[in-house]
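Here the structure comes first, spelled out in structure tokens, and everything after it is commentary.
The values are calculated or read from the model by the stated rules, or taken from the named source; none is laboratory data. These figures come from a predicted structure and were not determined experimentally. In this analysis, Cβ positions are derived from the backbone assuming ideal geometry, glycine residues included, and neighbour counts consider all displayed protein chains. Side chains are part of the model used for accessible areas, which takes the heavy atoms of the whole protein and leaves out ligands, DNA and RNA. Shrake-Rupley method; radii C 1.70, N 1.55, O 1.52, S 1.80 Å.
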Amino acid sequence: QVQLVESGGGLVQPGGSLRLSCGASGTIFKINSMGWYRQAPGKQRELVATISSDGSTDYTDPVKGRFAISRDNAKNMLYLQMNSLKPDDTAVYYCNAAIQRTGGGPTYIYWGQGKQVAVSS
């Protein structure tokens, strides 16, 4: 089995910073793309940022220049550094990873349990 476990998040004032972490554990041969998604109350889940296995990144426009996605392949870890946070960033944040459990085997998509990020004064 494979699990993604998130940590971080919480309540922060506008303009503040938070860091989310996501660790993958279990039977893992290779982690391909990884990403962060978020879901605000009453809205659909949306993509925030992605990072490929070679480190290429992409961001949704509202977070460009404020958020930074990174990964540590040796530790099977994913991170999201969030700066200059705004009330519109309030949401539950989920990590996501495309994982091969065996060499030559299929790639499965796994999700973390979600972490609440609240931006409010």
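The residues in region 89-104 that are open to solvent by 20 Å² or more (accessible area, probe 1.4 Å) and more than 18 Å from ALA68 (Cβ to Cβ) can be counted, and the count is 7. Taking the condition in contact (Cβ under 8 Å) with a residue 60 or more places away in the chain and either in contact with a strand residue (DSSP E or B) (Cβ under 7 Å, 6 or more places away or on another chain) or open to solvent by 60 Å² or more (accessible area, probe 1.4 Å) (or both), does VAL12 pass? Considered against the rule, which asks whether it is in contact (Cβ under 8 Å) with a residue 60 or more places away in the chain and either in contact with a strand residue (DSSP E or B) (Cβ under 7 Å, 6 or more places away or on another chain) or open to solvent by 60 Å² or more (accessible area, probe 1.4 Å) (or both), VAL12 comes out as yes.
Look at (1) in contact with a Gly (Cβ under 7 Å, 6 or more places away or on another chain); (2) open to solvent by less than 20 Å² (accessible area, probe 1.4 Å); (3) aliphatic (A, V, I, L, M) and you find that LEU18 fails only one, number (2). For region 55-66, a residue qualifies if it is in contact (Cβ under 8 Å) with a residue 24 or more places away in the chain and surrounded by 15 or more Cβ atoms within 10 Å (Cβ to Cβ), and exactly one does: VAL63. Candidates in region 31-50 are the residues that are closer than 23 Å to VAL119 by Cβ and surrounded by 15 or more Cβ atoms within 10 Å (Cβ to Cβ); of these, the one that is farthest from the chain's Cα centre (by Cα) is ARG45.
Considering region 67-121, the residues that are without any contact (Cβ under 8 Å) to a residue 24 or more places away in the chain and assigned to a loop (DSSP other than H, G, I, E, B) include one that is nearest to LEU18 (Cα to Cα), namely ALA74. One residue stands out in region 21-30 among those that are of a type in the set (S, T, N, Q) and not in a loop (DSSP other than H, G, I, E, B): the one that is surrounded by the most Cβ atoms within 10 Å (Cβ to Cβ), namely SER21.
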